[in-house]
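Undergrad: This structure is in structure tokens; I'll ask about it shortly.
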Amino acid sequence: MALFARRENPPAKSNYREYKPFLRRDFLARCAYCERTEEYLGGDEVFEVEHFKPKSKFTDLICAYHNLYYACGGCNGHKWETWPSGAQIARGQRFADPCLEDPYVHHLRELEDGDVEELTECGVYSNSHIRLGRPELRRWRRLRNQARQDLPKLTAVARLLEQLIVANQGSDGEAAEQLGAIKRRIEESKLRFSID
Ligand SMILES: [Zn+2]
């Protein structure tokens, strides 16, 4: 299933950049292609309004909301004005569409070192043009995997500290401070790596 779905129904705009706040919500404040979050990348400034079908080749879609995607500057820059020819599309050489499918299930497989393995022609095409195995994305996947492993452990420590505080009838100030720090760390990690 696709990670992203269109929920917003923005009024027509003459400048496609004005759709950014709507795209931000529809794309869960994450890059459509690498899925990195604003929390991880340091805010919405590094995110751009991307044309899935490039604006130089599909001039009638420049302001079409369904053709606009929320993307980080890195992915947008690599994808740029690329679009496959009819013959390439017939061979399956196209961009995976994160609004219709899950590229990381259907076309690519994430490896332990954070790189991606291409499963289909679509995966090869998407990876070769957006460079989804670039070092900064491998790092993001490794850190996210580590966070997924760490979160249950941090939650268990928080639970132990809570029990300790209850047993000491709330008189353990240091434990309460540690608990606060761990809870902040858990929330920050969930937001940063979009973990439920
Ligand atoms: Zn990206």
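Undergrad: Kindly evaluate Pro98 against the criterion of being within 13 Å of the ligand (Cβ to nearest atom), touching a helix residue (DSSP H, G or I) at 6+ places or on another chain (Cβ under 7 Å) and either closer than 17 Å to Met1 by Cβ or not assigned by TED's automatic domain parsing to the domain that holds Tyr69 (or both). Give the steps one after another, and end with the answer.
TA: Values: within 13 Å of the ligand (Cβ to nearest atom): yes; touching a helix residue (DSSP H, G or I) at 6+ places or on another chain (Cβ under 7 Å): no; either closer than 17 Å to Met1 by Cβ or not assigned by TED's automatic domain parsing to the domain that holds Tyr69 (or both): yes.
Criteria not met by Pro98.
Undergrad: Could you please find all residues in segment 110-126 being among the charged types (D, E, K, R) and away from the ligand (no atom under 16 Å from the Cβ)? Lay out the reasoning, then the answer.
TA: First, pick out the residues of segment 110-126 that are among the charged types (D, E, K, R): 110, 112-113, 115, 117-118, 121.
Glu112, Asp113, Glu117, Glu118, Glu121, listed by residue number.
Undergrad: Another question about this same structure. As an exercise: evaluate Ala2 against (1) in contact with a Cys (Cβ under 6 Å, 6 or more places away or on another chain); (2) aliphatic (A, V, I, L, M); (3) closer than 16 Å to Leu137 by Cβ and give the number of the one condition it does not meet.
TA: Here Ala2 meets the rest and fails (3).
Undergrad: Take the residues of segment 1-46 that are within 13 Å of the ligand (Cβ to nearest atom) and among the small types (Gly, Ala, Ser): which is nearest to Pro103 (Cα to Cα)?
TA: Ala32
Undergrad: List the number of the failed condition for Leu61; all other conditions in (1) farther than 28 Å from Asn15 by Cβ; (2) away from the ligand (no atom under 16 Å from the Cβ) hold.
TA: (1)
Undergrad: Name the one entry in His129, His51, His107 that is more than 13 Å from the ligand (Cβ to nearest atom) and touching a Ser or Thr at 6+ places or on another chain (Cβ under 6 Å). Give the steps one after another, and end with the answer.
TA: Details: His129 fails: more than 13 Å from the ligand (Cβ to nearest atom); His51 fails: touching a Ser or Thr at 6+ places or on another chain (Cβ under 6 Å).
Just a single option satisfies the conditions, and that option is His107.
Undergrad: In segment 152-174, which residues are surrounded by 14 or more Cβ atoms within 10 Å (Cβ to Cβ) and closer than 26 Å to Gly42 by Cα?
TA: Leu154
Undergrad: A follow-up question, please. Picking from Glu121, Glu177, Glu187, Glu117, which residue would you name as being surrounded by 14 or more Cβ atoms within 10 Å (Cβ to Cβ) and acidic (Asp, Glu)? Give the derivation first.
TA: Values: Glu177 fails: surrounded by 14 or more Cβ atoms within 10 Å (Cβ to Cβ); Glu187 fails: surrounded by 14 or more Cβ atoms within 10 Å (Cβ to Cβ); Glu117 fails: surrounded by 14 or more Cβ atoms within 10 Å (Cβ to Cβ).
Exactly one of Glu121, Glu177, Glu187, Glu117 is surrounded by 14 or more Cβ atoms within 10 Å (Cβ to Cβ) and acidic (Asp, Glu), namely Glu121.
Undergrad: Right, another one. Take the conditions under 33 Å from the mean Cα position of the chain (by Cα) and more than 25 Å from Asp115 (Cβ to Cβ) and apply them to Gly170. Does it pass? Write out each step before concluding.
TA: Values: under 33 Å from the mean Cα position of the chain (by Cα): no; more than 25 Å from Asp115 (Cβ to Cβ): yes.
So Gly170 does not fit the description; no.
Undergrad: Additional query: Is segment 85-92 home to any residue that is within 16 Å of the ligand (Cβ to nearest atom) and either closer than 20 Å to Lys55 by Cβ or at pLDDT 95 or above (or both)? Quick ask: steps written out before the conclusion?
TA: Residues of segment 85-92 within 16 Å of the ligand (Cβ to nearest atom): none.
Looking for residues that are within 16 Å of the ligand (Cβ to nearest atom) and either closer than 20 Å to Lys55 by Cβ or at pLDDT 95 or above (or both), one finds none in segment 85-92, hence no.
Undergrad: Cβ contacts < 6 Å: first residue within 10 Å of Arg141 (Cβ to Cβ), restricted to segment 104-130; second residue among the small types (Gly, Ala, Ser) and assigned to a loop (DSSP other than H, G, I, E, B), any location; separation 6+ or different chain. Result?
TA: These pairs meet every condition: Asp115/Gly133; Val116/Gly133.
The values are calculated or read from the model by the stated rules, or taken from the named source; none is laboratory data. Worth saying up front: this structure is predicted, and the values here are computed from it rather than measured. Cβ: placed from backbone, ideal geometry, glycine included. Neighbour counts: every protein chain shown.
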